[in-house]
1. Kindly state, to the nearest 0.05, the FRET efficiency for Asp143 paired with Gln113, given R0 = 25 Å and r defined as their beta-carbon distance.
2. Give me a comma-separated list of calculated 3J(HN,Hα) values for the range 140-148, in order, Karplus coefficients 6.51, -1.76, 1.60 applied at θ = phi - 60°, integers in Hz, x for any Gly or Pro.
3. Return the long-range amide H neighbours of Arg76 (sequence gap of 5 or more, or a different chain), with a cut-off of under 5 Å between placed amide H atoms.
4. What is the local net charge at Val159, summed over the other residues whose Cβ is closer than 14 Å to its Cβ (Lys, Arg +1; Asp, Glu -1)?
5. Can you tell me the equivalent ellipsoid semi-axes for the range 7-205? Use √(5λ) from the Cα gyration tensor, largest first, whole Å.
6. Using the beta-carbon distance between Leu12 and Arg40 and R0 = 25 Å, what value does 1/(1 + (r/R0)^6) give for FRET efficiency, to the nearest 0.05?
7. Kindly state, to the nearest 0.05, the FRET efficiency for Ala179 paired with Gln121, given R0 = 22 Å and r defined as their beta-carbon distance.
8. About its Cα centre, how strong a charge dipole does the range 18-87 have in debye, to the nearest 20, once Lys and Arg get +1 and Asp and Glu get -1 at the Cβ?
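What follows is calculated from the coordinates using simple rules that are stated; it is not laboratory data. Treat the numbers as computed from the prediction; the structure is a model and nothing was measured. With ideal geometry, Cβ positions are generated from the backbone for all residues, glycine too; neighbour counts draw on all protein chains shown.
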Amino acid sequence: MNQQPSPVHVRLTARLCLRAPTAADLDALFEIYADPATQRFNPAGPLASREAAGHLLWRWQLHWAQHGFGMWVVCRREAPEQVLGFGGLSWREYGDTRRLNLGFRLRPAAWGQGLATELGQAALALAFEELDQAAVYALVRPDNLPSRKTLAKLGLQPVGELQDFPWLSPSSVYCLARASQQLPVAMSSAPALAINAAQRVARPQTVRSKQLA
């Protein structure tokens with residue numbers, strides 16, 4: 001029997017169909033996350049195996065099961081069977097603080113069309129209008145100009161740094177707070193937070209039952 005996402009886990013934008021991931025998305029996930037082009041700015045590099053892709057998919061599904069939202073599968077409305085990429089919101093550790101993180105990764109063929117911005121707008125609407133969150137964060141490498149431009153279009157601003165890869169310069173932390181909120185003081189002062197790469201996935205791995213950019 002084919003595993004289908006629940007209707008409440010499907011969202012439509014002007015051009016996109018955004019849905020919860022299923023086991024049927026493993027091939028597309030591995031293809032996109034193993035592509036050196038999509039991982040150009042990721043210090044961890046492309047996924048090395050289908051097993052690694054399967055673990056990432058499991059983490060995403062666990063996040064959905066625990067929180068009722070998570071990373072979306074991104075497709076065009078007129079072609080929902082063709083996966084363009086993945087993106088959305090998930091809880092992520094920023095140092096010793098858990099924050100709502102926006103991430104996205106699309107196939108090269110989907111670049112330059114404003115699709116990441118459209119996806120991001122849907123994610124921000126979810127965060128502020130439905131989840132009632134005070135702020136949304138994103139991590140980006142300093143040299144990743146395309147993603148930085150997308151975040152700027154969405155209204156996110158650089159507010160600090162995160163030492164997520166100890167052997168490299170810190171990643172930039174971006175944030176958008178709700179209009180009625182101020183930026184958290186701890187981030188507005190732009191500290192360099194220490195965190196190693198293994199800590200970022202520790203929380204999903206502690207629960208066995210169930211991805212983030």
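1. 0.65
2. For the range 140-148, the Karplus curve yields 8, 5, x, 8, 8, 5, x, 5, 5 Hz.
3. Those lying under 5 Å, H to H, from Arg76 are Cys17, Gln82, Leu84.
4. Details: positive: Arg99, Arg148; negative: Glu161.
Its environment carries a net charge of +1.
5. Numbers: eigenvalues 118, 81, 55 Å².
In descending order the semi-axes read 24, 20, 17 Å.
6. Working: r = 30 Å, r/R0 = 1.20.
The computed FRET efficiency comes out at 0.25.
7. Numbers: r = 15 Å, r/R0 = 0.70.
Given R0 = 22 Å and the Cβ-Cβ separation, E is 0.90.
8. Working: 6 positive and 7 negative charges, 44 e Å.
About 220 debye.
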